[in-house]
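The values are calculated or read from the model by the stated rules, or taken from the named source; none is laboratory data. In this text, all values refer to a predicted model and were calculated from it rather than measured experimentally. Cβ placement follows ideal geometry from the backbone for every residue including glycine, while neighbour counts extend to all protein chains displayed. To get the accessible areas, we keep the full protein, side chains included, count just its heavy atoms, and leave off ligands, DNA and RNA. Shrake-Rupley method; radii C 1.70, N 1.55, O 1.52, S 1.80 Å.
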Amino acid sequence: MSERAIKVNPEAESYPTDHECRALVERILASAEFNRTKRLRDFLVYVVEHKLAGESQQVSEVYIGQRVFGRPPNYNPGEDSIVRTEARNLRQRLERYFAGEGIDERLILEIPRGGYVPVFRPRPAPAKEPIPPPPPATRRTMWIWLGGALTAAAGLTFLWRLQATIDPGDPGPARPLSRQVGALQLDSSDPRLVRAFASARQRALGYVYTGDAIGDWYDSTAGNRYAFCMRDASHQSTGAALLGLTGHTRNMFRRFAGSIARTRDWCGFWEINKDGFPAPADYRSDQDFWYCLPANFDLMQAAYRQFLWTNDRSYFDATFSDFYDRTVTSYVEAWDRDGDGIMESRPAPRYRGIASYYQEEPRPLVGADLVAAQYRGYLVYAAIQERKGAKGSLSQKLAGQYRSKAEALRARFNAEWWNPLQNRYYASILPDGKYFDGYIADANVFTLRFGIAEPGAKTEAALDALEKIRPAFDQTLSYIPELLFEYGRNESAHRLFLELADPDFQSAVMPEIVFAAVAAVGTGLMGLSPDAPNATVETQPRLPEEVAWVRLSRAPVLDNEVAVYHRGVTETTFTNQSGPLVYWKASFPAKAGGQIFVDGEPVPSAVEERANRQAVVSAVAPVKPGQARTAQYR
């Protein structure tokens, strides 16, 4: 058969020839991604040559193990995962090649998940994405004209970010952003704030790496193991976005998402080192490894937040989508031993599946933070599915199911986990089935962070505990400033931020501490909240009384760099320093009889509820490239 008669990719409308396919493979093998990795080169050549020879039946896990990796004739893939592990590495290197050195290739070579037979397809032409119109009114936002008394908004909007429009179809290659890393700057009337932020930013940038086998990444271990941890990276990712490190985060998150496996009950690797392997300190085998069960859900919500920050649709590629699907189904089933809908650890003490982020005694059977993480994961999954299909589609049905599951879990938690005698949530259920009534800061932090706490007195009590009871570990402490800003406790948030970000703070060298400090300023103090699918950036001033003004400049959001200048909590100037037109959602703490003016003119405004029923008034205004606009609330 002539080479032109062989249909290498029967799905395509025009078929590449064998010669074109082999020429592409030669360029791939000569690239920086492949020229020093013999095993992956051999793997790629084997599967391609058998594909082109029409011998796809030879491209199986057993044959690859025996013929590429030298396994014996009795090779059992169930006991030896070498092929699956190396296939994952091969897919990741191919993705990086086509996103980098091979960005101009006319053909794409892929090895779809679930098999090893390669597929060649033409690279799709890039489509121009039009700037969407300003977000329309929804059932959760009531647009009104504020001329008199304050009007209450309809609906709970604490998780409003989950409502952004997405299109989780074929993501294509990730968009490279050409902005400068670490360009973020802060100025303020408070020199302590400026000094603390500058120190945190510089120390965070000191943990950023490129050129390692893993690709671009940032550290979670202060150089002790040169690795990144799933919990830490999920927390660090917001600060990383403000520092222009969204590409690093995407690479790290994809590694975690691709590491889940049935043999580990759908857990991933807790830590991955710079060489692309699970860190030996936390992983010895699929039966002996360290893992905290909230981590899968935490990674889900952090990945979705990165999507909202960037509109990077690669967060809905096959690797991430499989991770999301498995997390809310197989992962929950594997760890819900009693079938009550809530995950738990095994009865015997093991580090393989700790039912909390709290890793000390008393060991929990179920941690409050695990229930909160499962709740948040269901909401995120519902938000993703809600935008996948038309009304009546399977995706829409799944969205409704998981939103109902989330609300049922929340109702159950607030009914069963509240300790009225101590006026706080129980921290955990112990292996004997009894609630633990001591205070564990991790449980309280994540109950608030994931939004499962009932608004009102219960949330206020949880916030009071955050302010009064200092966590035993500074990593836990690092979550609190951003949380306190979000829940409107600006004075205590500011004080704690100054302590954490002080260059002389005892744990100031820890990566999680300094990345969290950057986030506490950007999304906490300044209230930055991007909604990239709708080309919108929200701001909300949360300045304490002792700070007259703050200006954050060169903040990378969407495809833009923006500057935000708050004067008190009633005036903001927003500058589109670079990038296309963007819609600015100027928000302020609401008051009776208030009115928003943009550039001196009254504008239509909306009242919304945020965390713990905080009333916020907002107005949306377009901001052209290079333009600065000022909103006042008076």
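Find how many whole Å separate the alpha carbon centroid of the stretch 34-59 from the alpha carbon centroid of the stretch 82-108. About 13 Å separates the Cα centre of the stretch 82-108 from the one of the stretch 34-59.
Take every pair of alpha-carbon atoms less than 8 Å apart whose residues are at least six positions apart; their mean separation over the length of the chain yields a relative contact order of 15 percent. In terms of distances greater than 30 angstrom between alpha carbons, the cross-link table entries Lys274/Lys434; Lys391/Lys624; Lys388/Lys585; Lys397/Lys434 yield Lys274/Lys434; Lys391/Lys624; Lys397/Lys434.
Placing unit charges on C-beta atoms (Lys and Arg positive, Asp and Glu negative, everything else neutral), compute the dipole magnitude of the chain about its Cα centre in debye, rounded to 20.
Values: 75 positive and 76 negative charges, 156 e Å.
Around 760 debye, computed over the chain.
The phi torsions of the stretch 453-459, fed into the Karplus equation with coefficients 6.51, -1.76 and 1.60 and a -60° offset, translate into couplings of 5, 5, x, x, 4, 5, 5 Hz, rounded to whole numbers, with Gly and Pro shown as x. Considering only Pro544, Val521, Ala241, the residue lying farthest towards the positive end of the dipole of the chain is Ala241, judged by Cα position with unit charges set on Cβ. Read through the labelled values [x] 42, 30, 23; [y] 48, 28, 18; [z] 157, 35, 22 and report the label of the one computed as semi-axes √(5λ) of the Cα gyration tensor in Å from the structure. Here the calculated entry is [x].
The residue list Pro420, Gln185, Tyr75 was ranked by how far each Cα lies along the charge dipole of the chain toward its positive end, using unit charges on Cβ atoms, and Gln185 comes out on top. Taking Cα atoms only, the orientation of helix 394-416 departs from the longest principal axis of the chain by about 50 degrees. For the stretch 184-238 and the stretch 251-268, what is the separation of their Cα centres, given in Å? Taking the Cα centre of the stretch 251-268 as reference, the centre of the stretch 184-238 is 23 Å away.
Compute the acute angle (0 to 90°) between the alpha-carbon long axis of helix 18-29 and the principal axis of greatest extent of the alpha-carbon atoms of the chain; round to the nearest 10°. Computed tilt is about 60 degrees. With the helix formula -39500 (n - 2.57) applied to DSSP H stretches of n ≥ 4, the chain reaches a computed 222 nm mean residue ellipticity of -10500 deg cm²/dmol.
Work out, step by step, the length gained on full extension between Asp336 and Asp432: first 0.36 nm times the residue separation, then minus their alpha carbon distance; give nm to one decimal.
Values: separation 96, 0.36 × 96 = 34.56 nm, distance 1.63 nm.
Between Asp336 and Asp432, full extension yields an extra 32.9 nm.
Loop-located GluC sites (Glu not before Pro) across the stretch 21-98 with a Cβ neighbour count of 15 or fewer within 10 Å are Glu55, Glu79, with loop assigned by DSSP.
Loop-resident GluC sites (Glu not before Pro) (DSSP state other than H, G, I, E or B) in the stretch 346-407 with no more than 12 further Cβ atoms inside 10 Å of their Cβ: Glu360.
Ordered from largest to smallest accessible area (heavy atoms of protein chains, 1.4 Å probe), the residues Lys397, Lys468, Lys38 come out as Lys468, Lys38, Lys397. Between the stretch 547-572 and the stretch 315-377, the C-alpha centres lie 38 angstrom from each other.
Only the Cβ atoms of Lys and Arg (+1) and of Asp and Glu (-1) were treated as charged; on that basis the dipole of the stretch 545-634 about its Cα centre amounts to roughly 20 debye.
A cut-off of 5 Å between modelled amide H atoms, ignoring neighbours fewer than 5 places along the same chain, links Asp336 with Glu344. Extension gain, Asp80 to Arg36: 0.36 nm times the residue separation minus the Cα-Cα distance gives 13.4 nm. The residues of the stretch 181-220 expose on average 40 square angstrom of accessible surface per residue, using a 1.4 Å probe on protein heavy atoms. Taking the square roots of five times each eigenvalue of the Cα gyration tensor of the stretch 515-587, the equivalent ellipsoid has semi-axes of 20, 13, 11 Å, listed largest first. Put Leu109, Leu398 in order of accessible area, highest first, and with a 1.4 Å probe you get Leu398, Leu109.
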